[in-house]
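One structure is given below, encoded as structure tokens.
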Amino acid sequence: MKAIHIAAALALGAGLAGCGSTTPASAPDAQENGGRGPITFLGGKFEAESVQKIVDAWNAAHPDEKATVVLLPESADEQRRKLIQSAQTKSDTGDVILIDAVWTSEFAANRWVDELKLDTTGLLPTTIETGKYRDKLYAMPLFTGTGLLYYRTDLVKEPPKTWDEMKKICADVLPGQKGMSCYAGQFDKYEGLTVNFAEAVASAGGRLLDASGKPQVTSEAAKQAARFLADGFDSGMIPKEAITYKEEEGRVAFQEGKLLFYRNWAYGYEAAQKTDGSSEVVDKFDVAPIPGLTGPGAGTLGGNNLAVSAFSKHKQSARDFVAFMTSAAQIKAFARTSSMPVARTAIYEDPELVKKYPYLPALKEGILAAVPRPAAVKYGDVTAAVQESAYAIVTGAKPVDQALTELQSALGPLLT
């Protein structure tokens, strides 16, 4: 990707903890040059070119505080592992880090990131909450989003609102489409599986946790959701190869015409419309809310936030960089070149951008109604437990009732 400083990514791949020095946590007098100086931004691979343009603008305006981008791995689980490894050794490798919206509690409770006193005016309310721990802001929302159903408009007149409607459309359409399967999401054993399972449960009218934070995965709604996924693989509605799908594998399959329906984030819209020969579905698809058991489903609230490492030597520059990256002007500039959903409300109402991305108003409503994943301090253990049981369900390794009963027992001690 152009202009991105990727060389440091090789060192990152070898282990973040081994890079940089260590410094006492959050000691103001330990910061060099009054907390100002060059910084490193540990960012994501998605939309890296568009993000780099904001970084370039920062660097042009701050020649003595330039930011170098280091790309984290594509897998959310691997991102989290490397960031935690770095934090546990108090490494100052990354000054600003991009964290999944659901990691805020874990990183804040362990004092791996600093509290931020930044203006959140103009951000979508649901995204602001993902950056808080005990009512204090520790991560500034940058990207957001929820699951959308991509579907072939040349083969489907109206998108399905329910799972049964989707099955019927597939039964009617697929006999005439060689090599095409009905539906896929993200079912590899990683964070995407937690997201897809949580969405299925919410779309059946349930929740992984109740209002008090106790697990509810043995509810009837959870069982119906699990059976929808298990039966989907068993019947072939979901192709067997989808067991290895993360976002990109499924996106490529949809673009190659191998799927009638595909659950993905909004970033895939722009890629599927590229006219460079990489997509066979240009002007042949649209997006809609994901279907549910009895009506439109409920997506999982996703996103990535920016946080300042507690071990940075240049925290003031890091905080200013976060404010710059999430400012209204820079976010609009980003949105002009990327379909990745962002956390600022105005973007979803901007006539220029709505014309370019017609799905923005509907996406905004979906984001505001989306259901977050459990914001647990022990989130790594929670999502690992969900993935273990959900993977057993979709692979047919365990019956639904057994897998959910075991998950209920596993989650209890993790959420106390």
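The values are calculated or read from the model by the stated rules, or taken from the named source; none is laboratory data. The structure presented is a predicted model; accordingly, all values stated were derived computationally and were not measured. Neighbour counts are summed over all protein chains in view; Cβ atoms, including those assigned to glycine, are modelled from backbone coordinates with ideal geometry. These area figures cover heavy atoms from the full protein model, side chains too; ligands, DNA and RNA do not enter into them. Shrake-Rupley method; radii C 1.70, N 1.55, O 1.52, S 1.80 Å.
The table for this structure:
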{"item": "Helices (runs of 4 or more DSSP H) lying entirely in segment 140-246 (those with 2 or more residues that are closer than 20 Å to residue 406 by Cα and open to solvent by less than 50 Å² (accessible area, probe 1.4 Å))", "result": "191-203, 220-235"}
{"item": "Which numbered condition residue 358 fails, given (1) surrounded by 21 or more Cβ atoms within 10 Å (Cβ to Cβ); (2) not in a helix (DSSP H, G or I)", "result": "(1)"}
{"item": "From 377, 394, 400, 386, residue being in contact (Cβ under 8 Å) with a residue 24 or more places away in the chain and touching a strand residue (DSSP E or B) at 6+ places or on another chain (Cβ under 9 Å)", "result": "377"}
{"item": "Subset tally (residues that are in contact with a Pro (Cβ under 6 Å, 6 or more places away or on another chain) and in a strand (DSSP E or B)) for segment 125-139", "result": "0"}
{"item": "Output for segment 323-350, where each listed residue is open to solvent by 50 Å² or more (accessible area, probe 1.4 Å), more than 21 Å from the chain's Cα centre (by Cα) and of a type in the set (D, E, K, R)", "result": "349"}
{"item": "Tally of residues being at pLDDT 50 or above and either over 30 Å from the mean Cα position of the chain (by Cα) or open to solvent by less than 70 Å² (accessible area, probe 1.4 Å) (or both) across segment 9-55", "result": "22"}
{"item": "Count of residues meeting criterion [farther than 13 Å from residue 307 by Cβ and either touching a strand residue (DSSP E or B) at 6+ places or on another chain (Cβ under 8 Å) or crowded, with 22+ Cβ neighbours inside 10 Å (or both)] in segment 83-101", "result": "5"}
{"item": "Residue within segment 187-204 that is in contact with a helix residue (DSSP H, G or I) (Cβ under 6 Å, 6 or more places away or on another chain), modelled with pLDDT of 95 or more and more than 16 Å from residue 300 (Cα to Cα) present", "result": "yes"}
{"item": "Matching residues, segment 373-397, being in contact with an Asp or Glu (Cβ under 8 Å, 6 or more places away or on another chain) and farther than 24 Å from residue 302 by Cβ", "result": "396"}
{"item": "Flag for residue 320 being closer than 27 Å to residue 80 by Cα, over 21 Å from the mean Cα position of the chain (by Cα) and open to solvent by 10 Å² or more (accessible area, probe 1.4 Å)", "result": "yes"}
{"item": "Selection count where residues are β-branched (Val, Ile, Thr) and modelled with pLDDT under 95, scope segment 383-416", "result": "2"}
{"item": "Matching residues, segment 111-139, being open to solvent by 70 Å² or more (accessible area, probe 1.4 Å) and over 19 Å from the mean Cα position of the chain (by Cα)", "result": "111, 117, 119, 121, 134, 135, 136"}
{"item": "Conditions (1) closer than 28 Å to residue 201 by Cα; (2) open to solvent by less than 10 Å² (accessible area, probe 1.4 Å): number failed by residue 353", "result": "(1)"}
{"item": "Residue in segment 369-416 that is nearest to residue 233 (Cα to Cα), counting only those that are part of a loop (DSSP other than H, G, I, E, B) and open to solvent by less than 50 Å² (accessible area, probe 1.4 Å)", "result": "373"}
{"item": "Selected residue (only one of 274, 284, 313 is surrounded by fewer than 22 Cβ atoms within 10 Å (Cβ to Cβ), at pLDDT below 95 and farther than 18 Å from residue 361 by Cα)", "result": "274"}
